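Asks: Handing you this structure, nothing more for now.
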Amino acid sequence: MKRIWAWGALTFGLLYFFLPLIGMTNFSLKMRRGEYSFDAYARVLADPKFQETFGFSVMMALFTILFGIFLIVPTAYWVRLKMPGLRPYIEFVTLLPLVIPAIVIVFGYIRLYNTSSWLPLTGTTTGTNLLLMFGYATLALPYMYRAVDTGLRTIDVTTLTEAAQSLGAGWITILSRIILPNVLVAVLSGAFLTFAIVIGEFTMAALLNRPAFGPYMQLLGANRAYEPAALAVIAFGITWACMGLIQLVTRFSKHTRAQR
Amino acid sequence: MAFLDIKNLEKVFGQNRVVKDFNLAIEKGEFISLLGPSGCGKTTVLRMVAGFETSSSGAILIDGKDVVSKRPNQRNIGMVFQAYALFPNLTVAQNVGFGLKVKGIAGSEADNRVAEMLKLIGLPDLGNRYPFQLSGGQQQRVALARALAPKPQVLLLDEPLSALDAKIRVSLREEIRMIQQQLGITTVFVTHDQEEALSISDRIVVMNGGRADQIGTPFDIYNRPSTRFVASFVGTLNLIEAKVIDPAANRISIGDQAITLKEPLGAAKVGDTISLALRPEAGSIVEGANGDTALVGQVMTSNFLGSVIRTRMKVGTAVISFDMFNSPGLTPPSVGETVTLRFTASDLLIIRE
Ligand SMILES: Nc1ncnc2c1ncn2[C@@H]1O[C@H](COP(=O)(O)OP(=O)(O)O)[C@@H](O)[C@H]1O
Ligand SMILES: [Mg+2]
């Protein structure tokens, strides 16, 4: 009897998840009247705007991930090592981006760093991109911090640090050769979430007027019928590819298997 | 001059004085154990030597140089932890070679040193394994090799055997001692296990409440404990209350039986109560046993412990335990029996706090 309920729940969940996907995929293939075709996909992929914005967003995502790693791994490590009492507060701060709308952040940025301010970052393309990256990093903070902190929990940070110190290692060596490699798998799951956030983000990119993928999807969705569906399927494909990659990385990281 | 010299070391955590006026001079190549119950400050002393904890006051000299102001990674000290603390992302060989790499030693020189270390710990073929593929005993050996590879001036071990099975604990402690003697490295070994400390140390520091109660060879510590604490912590010991009868003649009484001590009573007056210590193995009830002193008592319990039989007897209000070696021809004393315990007066120690 219990079995039947479990299977029922599973079936319901799968239907709930897959039916819209199937419907969307089906629709995206119907651009040509009366038969299935990949016309919508061809249109999307051939659009120079798609290539341009997608390329831009991927680059932004990569920089955001790198910046996030450099910012968050040392911070989370330091908090665990030296100020464990502060952890609840730091955690609270990292959760703020979930509560504060992105539009508030971006308006704050524009107010602070406009062309007539003390640091006119919005005056140049590079400066604006930098601002956008900071914004993305803020949005990704809750996920990234949590992922890294979880990774740090699996190792004995204090003792490993002391062991490395007694062998003569300084902070850079400890972070790069001991801490980072041990939290890499956790960092990657955070990185994947960051990637997904950056690819889909609309508000910041639009208000800072950067040619990102989010505004492009929005534009396409507002003006076309079949292409947005194709685009969504493509986005899903990318997401799943990322997840597969993480699985692979986890599988191949030799030292983390089945320890304690 | 001592190679590792700890002078007037103090550590205060908030209101809590955890290490108090700790003094210890260790010769080059010596193996010293810090022995004491949990919480007595052993780890804190070790961590101050390693540099992980800053001392509140006092000096720590290694080879004549004060290291107090140096950071842990500048001290050239090898450390072995209870929890092994191997780097999980590195292979055994990379773990052992870590300190060399940090020092800028690379290539065949580093490879040779790593191979030499792995041979020293008896695991020459496990260089490519990861820590999680090793047993606890093997991991701790690797941790030892890792600490020794960069040729530290001093080796510190904080209860390195506590996480291991009893059997491995005994074999590994002997191995640690052998390697230590082979390399002639100055070593401080922290433990709460008296048997461990007695079996492998050149000298033992018995710690009590942040202080060094007594520093001496295992033989000294065991046979001539200088405080009540050392006497009760190291080995099993009878603490006997006695009354002074005649201080000038060293006469005291236990129960109603008067005996003469070897040790002078000093300033004690008639009627004073003093504490005496007697090891269970110091006396015998066998007919014709040696000894210039005898106490008569009633057997309370008699426990067969395998190689020895431990008997407790009552002398007045005092309870004294004594051991005898088991042998097939022996009849164990029965409860209620009156027996005569013979021992040498010099085995009866006066415990002055
Ligand atoms: N970082 C610390 N902060 C406050 N108290 C500490 C700290 N480290 C140790 N102590 C206290 O110091 C005392 C001695 O600890 P420790 O040196 O670890 O003892 P042992 O190693 O002999 O068991 C204990 O009472 C412990 O609670
Ligand atoms: Mg300890």
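Asks: Rounded to the nearest 20 debye, what is the charge dipole size of chain B about its Cα centre when +1 sits on each Lys and Arg Cβ and -1 on each Asp and Glu Cβ? Mind showing how you got there, number by number?
Replies: On the way: 37 positive and 35 negative charges, 198 e Å.
Roughly 940 debye, rounded to the nearest 20.
Asks: Sticking with this structure for a sec: Gain in length, B:Thr217 to B:Asp111, computed as 0.36 nm per residue apart minus the alpha-carbon separation, to one decimal in nm?
Replies: Details: separation 106, 0.36 × 106 = 38.16 nm, distance 3.89 nm.
So the extension gain works out to 34.3 nm.
Asks: Taking only DSSP H segments of four or more residues, each worth -39500 (n - 2.57), what value at 222 nm results for chain A once the sum is divided by all its residues, to the nearest 500 deg cm²/dmol? Don't skip to the end; give the middle numbers.
Replies: On the way: 11 runs with 198 residues, N = 260.
That comes out to -26000 deg cm²/dmol.
Asks: Ok, one more. ³J(HN,Hα) across segment A:64-72 via Karplus (A = 6.51, B = -1.76, C = 1.60, θ = phi - 60°), whole Hz, x for Gly/Pro?
Replies: In residue order, the calculated couplings are 4, 5, 4, 4, x, 4, 5, 7, 8 Hz.
Asks: Now, a different point. Given the options B:Met79, B:Met324, B:Met207, state which has the largest fluctuation in a GNM of chain B using a 10 Å cut-off (strictly under) for Cα springs.
Replies: Among B:Met79, B:Met324, B:Met207, the largest GNM mean-square fluctuation belongs to B:Met324.
Asks: For a paramagnetic label modelled at 7 Å from the Cα of B:Val270 toward its Cβ, which residues of segment B:236-250 fall within the zone defined by backbone nitrogen distances under 19 Å?
Replies: B:242-250
Asks: What is the Cα centroid distance between segment B:295-324 and segment A:69-148, reported in whole angstrom?
Replies: 74
Asks: Could you give me the radius of gyration and the Dmax of segment A:35-259, taking only the C-alpha atoms into account and expressing both in angstrom?
Replies: Answer for segment A:35-259, Rg first and Dmax second: 20.2, 70 Å.
Asks: Helix A:87-99: angle to the longest alpha-carbon principal axis of chain A, degrees 0 to 90, nearest 10?
Replies: Here the helix axis deviates by roughly 20 degrees.
Asks: Moving to a separate point now. Could you give the nm distance between label points at B:Ser199 and B:Ser346, where each point is 7 Å from its Cα heading toward the beta carbon?
Replies: Those two pseudo-labels are separated by 3.0 nm.
Asks: Moving on. With everything on Cα atoms, drop me the angle between helix A:226-252 and the longest principal axis of chain A, reported from 0 to 90° to the nearest 10.
Replies: Between the helix axis and the principal axis of chain A, the angle is about 30 degrees.
Asks: Apply the Karplus curve 6.51 cos²θ - 1.76 cosθ + 1.60, θ = phi - 60°, to the phi angles in segment A:18-34 and return the couplings in whole Hz, x for Gly and Pro.
Replies: Once rounded to whole Hz, the list reads 8, 4, x, 4, 5, x, 5, 4, 4, 5, 5, 8, 9, 4, 7, 5, x.
Asks: Based on DSSP H runs of at least 4 residues, each adding -39500 (n - 2.57), what is the mean residue ellipticity at 222 nm of chain B after dividing by all its residues, to the nearest 500 deg cm²/dmol?
Replies: Numbers: 8 runs with 85 residues, N = 353.
Helix-only estimate at 222 nm: -7000 deg cm²/dmol.
Asks: Out of residues 5 or more away from B:Leu34 or on other chains, whose amide H comes under 5 Å of its own, with H placed 1.01 Å from N in the peptide plane?
Replies: B:Phe189, B:Val190, B:Thr191, B:Val205
Asks: What list do you get for A:Met31, A:Met144, A:Met243, B:Met313 if you sort them by fewest beta carbons within 10 Å? Provide the component values of the computation, followed by the final result.
Replies: Numbers: A:Met31 21, A:Met144 29, A:Met243 13, B:Met313 25.
Listed from fewest to most nearby Cβ atoms, that is A:Met243, A:Met31, B:Met313, A:Met144.
Asks: At 7 Å along the Cα-to-beta-carbon direction for both A:Thr115 and B:Asp66, put a label point, then send me their distance in nm to one decimal.
Replies: Label at A:Thr115, label at B:Asp66, 6.2 nm between them.
Asks: DSSP beta bridges in segment B:4-233, what fraction antiparallel, as a percent rounded to 5? Working shown, then result.
Replies: Numbers: 19 of 37 bridges.
About 50 percent, rounded to the nearest 5.
Asks: In Å, what Rg and Dmax follow from the Cα atoms of chain B?
Replies: Over chain B's Cα set, Rg and Dmax evaluate to 24.7, 78 Å.
Asks: Still on this structure, I have one more. Which one of B:Ser226, B:Ser38, B:Ser108 has the biggest mean-square fluctuation once chain B is modelled by GNM with Cα springs under 10 Å?
Replies: With Cα springs under 10 Å in chain B, the top fluctuation among B:Ser226, B:Ser38, B:Ser108 is at B:Ser108.
Asks: How would the protein assembly as shown be classified by its alpha-carbon gyration tensor: rounded, prolate or oblate, with rounded meaning a/c under 1.5 and the a/b versus b/c comparison settling the rest?
Replies: On the way: a/c = 3.06, a/b = 2.55, b/c = 1.20.
The shape class here is prolate.
Asks: Could you work out which residue, out of A:Leu139, A:Leu14, A:Leu86, moves most in a Gaussian network model of chain A, that is, has the largest mean-square fluctuation with Cα springs under 10 Å?
Replies: Checking each option, the largest mean-square fluctuation is seen for A:Leu14.
Asks: Okay, moving on. Which trypsin sites (Lys or Arg not before Pro) in segment A:1-91 sit in a loop by DSSP (not H, G, I, E or B) and have at most 12 other Cβ atoms within 10 Å of their own Cβ?
Replies: On the way: sites: A:Lys2, A:Arg3, A:Lys30, A:Arg32, A:Arg33, A:Arg43, A:Lys49, A:Arg80, A:Lys82; in loops: A:Lys30, A:Arg32, A:Arg33.
Counting only loop positions with at most 12 other Cβ atoms within 10 Å, the trypsin sites (Lys or Arg not before Pro) in segment A:1-91 are A:Arg32, A:Arg33.
Asks: Which of A:Val157, B:Val12 has the fewest other C-beta atoms within 10 Å, and how do the rest follow up to the most?
Replies: Numbers: A:Val157 21, B:Val12 14.
The most exposed by this proxy come first: B:Val12, A:Val157.
Asks: Starting at the first residue of segment B:69-77, write each ³J(HN,Hα) from the Karplus equation 6.51 cos²θ - 1.76 cosθ + 1.60 with θ = phi - 60°, in whole Hz, x for Gly and Pro.
Replies: 7, 7, 6, x, 7, 10, 8, 6, 10
Asks: Roughly how far apart, in whole Å, are the Cα centres of segment B:81-114 and segment B:35-75?
Replies: Here the two parts' Cα centres lie 24 Å apart.
Asks: Looking at the protein assembly as shown only, what percent of DSSP beta bridges run antiparallel? Nearest 5 please. Please list the in-between numbers first.
Replies: On the way: 56 of 74 bridges.
If I count the DSSP bridges inside the protein assembly as shown, around 75 percent turn out antiparallel.
Asks: Holding the Cα-Cα limit at 19 Å, pick out from B:Lys28/B:Lys151; B:Lys28/B:Lys119; B:Lys11/B:Lys42; B:Lys119/B:Lys167 the pairs that are longer than that.
Replies: Working: B:Lys28/B:Lys151 14 Å; B:Lys28/B:Lys119 24 Å; B:Lys11/B:Lys42 11 Å; B:Lys119/B:Lys167 22 Å.
Table pairs above 19 Å Cα-Cα are B:Lys28/B:Lys119; B:Lys119/B:Lys167.
Asks: Within 10 Å of each residue's Cβ, count the other Cβ atoms and sort A:Tyr41, B:Tyr84 from fewest upward.
Replies: Numbers: A:Tyr41 19, B:Tyr84 25.
Sorted ascending by nearby Cβ count, the order is A:Tyr41, B:Tyr84.
Asks: To the nearest 20 Debye, how big is the dipole of segment B:1-140 about its Cα centre, given +1 on the beta carbon of each Lys and Arg and -1 on that of each Asp and Glu? Intermediate values should be presented prior to the final figure.
Replies: On the way: 16 positive and 12 negative charges, 70 e Å.
It works out to roughly 340 debye.
Read-outs: derived from the displayed coordinates by stated rules, not from any lab. Bear in mind the structure is a predicted one, so any value in this text is a computation, not a measurement. Heads up, the Cβs are rebuilt from the backbone with ideal geometry, glycines too, and the neighbour counts pull from every protein chain shown.
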